[in-house]
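Working notes, beginning with the structure itself.
The values are calculated or read from the model by the stated rules, or taken from the named source; none is laboratory data. Just so we're clear, the structure is a prediction, and the values are computed from it rather than from any experiment. As a convention, Cβ positions derive from the backbone with ideal geometry for all residues, glycine included, and neighbour counts pool all protein chains shown. Heads up: the accessible areas ignore ligands, DNA and RNA and are worked out on the full protein's heavy atoms, side chains in. Shrake-Rupley method; radii C 1.70, N 1.55, O 1.52, S 1.80 Å.
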Amino acid sequence: MLHVDRIADLRATCDRARASGLRVGVVPTMGYLHDGHRSLMRAAHAASDFVVVTIFVNPLQFGAHEDLDTYPRDLAGDLAQCAAEGVDCVFSPSVAEMYPRSPLTTVHVSELTADLCGAARPTHFDGVTTVVAKLFAIVGPCAAFFGRKDAQQLAVVTRMADDLNLPVEVVGCPIVREADGLAMSSRNAYLSPPDREAALVLSRALRGAVDAVVRGERDARRVAQLVREVVATEPRVELEYAEVRDAHELTPMVTVDGSALIAVAARVGETRLIDNVVVRVDDSGVTADVGMASAAESGAALGSTTPV
Ligand code: AMP
């Protein structure tokens, strides 16, 4: 496995791969890798010949009072995990390498970034789209793999690639969960044992919302309210939002129909967590993409959609 930290080296490596006919896939991450990231690497492997993982804690996507300085890091552990997944190249640049000077050019996707996580983190998505655009320009990938855990990020990056005619396929991958339902996240490392226990209320509330849709509930406001009520039973968890949106456009839904994203964000102590499920309602019934248990825990097949 190659490990590079200079843009010129990564560009030369990817140029060579493409010149020899290889399809390059990229997995952008901020490191402190877990099975969620590893599922993206596997998806990249299945669809590409040369897999690049980027590890960069991007200052541009952190707000002034957020956790940039304390964000967990473990480059040696990350490299071992990438090697175990058969990754071809890891890129872990310094901040100075990515931003030798403060950029005057940034990428802004409007509307899709205005609310949900964008409400509490008004500069976050510009930071994400700017760094992802830079990574696409450096790597020149045929495909890029993102987790559905960050559903709004996936919608925003997909729209950016479409609007700007970027020659890259943006691929969304299922959420990977711990055996008890907690969505995997590098930020879970911040949780004290009682906070981690309390955080389970998020996946429980989403599961309850899916069950309500299965029982026939189609009023999106009532589904969101159910989520709020379940989360409210856990005093350690402060809900930021619970919303039911069109899964692709992120527009508010009145009636649950087609693909509905049920999304939550909450603070557990100092830690901000997000989670979601996608419920599909059509003539043949209801299916839910609730994600999957970690492959290490359960050996579950990747990419499963659960008929409910
Ligand atoms: P991060 O390192 O948190 O920026 O995440 C890098 C990529 O991994 C993003 O596309 C995330 O959506 C994805 N990701 C993070 N957690 C999970 C998870 N539990 N399941 C699937 N993908 C994930």
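A few notes on this one:
- Rounded tilt (10° steps) of 193-214 against the dominant C-alpha axis of the chain: 70
- Coordinate range along principal axes, alpha carbons of segment 1-46, Å, largest first: 31, 24, 15
- Accessible-area composition of the chain, carbon plus sulfur, in percent [1.4 Å probe]: 51
- Segment 211-254: relative contact order in percent, alpha carbon pairs under 8 Å with at least 6 residues between: 33
- Ordering of 192-199, 275-282 by burial proxy (mean other Cβ atoms within 10 Å per residue, highest first): 275-282, 192-199
- Across segment 175-259, Cα-Cα distances exceeding 15 Å account for 62% of all pairs.
- In the chain, the C-alpha radius of gyration followed by the widest Cα-Cα span (Dmax) gives 19.1, 57 angstrom.
- Inter-probe distance in nm under a simple model that places probes 7 Å from Cα toward Cβ, at Asp257 and Asp74: 4.8
- Each 10 Å bin from zero up to the one holding the largest Cα-Cα distance in segment 53-105 carries the following percent of pairs: 21, 44, 29, 7.
- Each Lys and Arg contributes +1 and each Asp and Glu -1, all at the Cβ; summed about the Cα centre of segment 114-263, the dipole is approximately 200 debye.
- The value of relative contact order for the chain, using C-alpha pairs under 8 Å at least six residues apart, is 16 percent.
- Start at zero, step by 10 Å, and the Cα-Cα distances of segment 137-187 spread as 23, 45, 23, 8, 0 percent across the bins.
- Tail weight of P(r) past 21 Å, computed on alpha-carbon pairs of segment 79-201, percent: 53
- Radius of gyration and maximum dimension Dmax of segment 1-150, Cα, Å: 15.2, 46
- Take the chain with all the other protein chains still there, run a 1.4 Å probe, and you get 45 Å² of accessible area per residue.
- Values of log10 I(q)/I(0), in the order q = 0.09, 0.16, 0.17 Å⁻¹, for segment 149-308 under a Debye, Cα-only, solvent-free model: -0.29, -0.93, -1.04
- Theoretical gain in end-to-end length, Glu66 to Asp219 [0.36 nm per residue, Cα-Cα removed]: 51.6 nm
- 0 to 90° range, to nearest 10: angle between helix 7-19 axis and the chain longest Cα axis: 90
- Normalised by 2.2 N^0.38 Å, where N counts its residues, the alpha-carbon radius of gyration of segment 162-211 equals 1.62.
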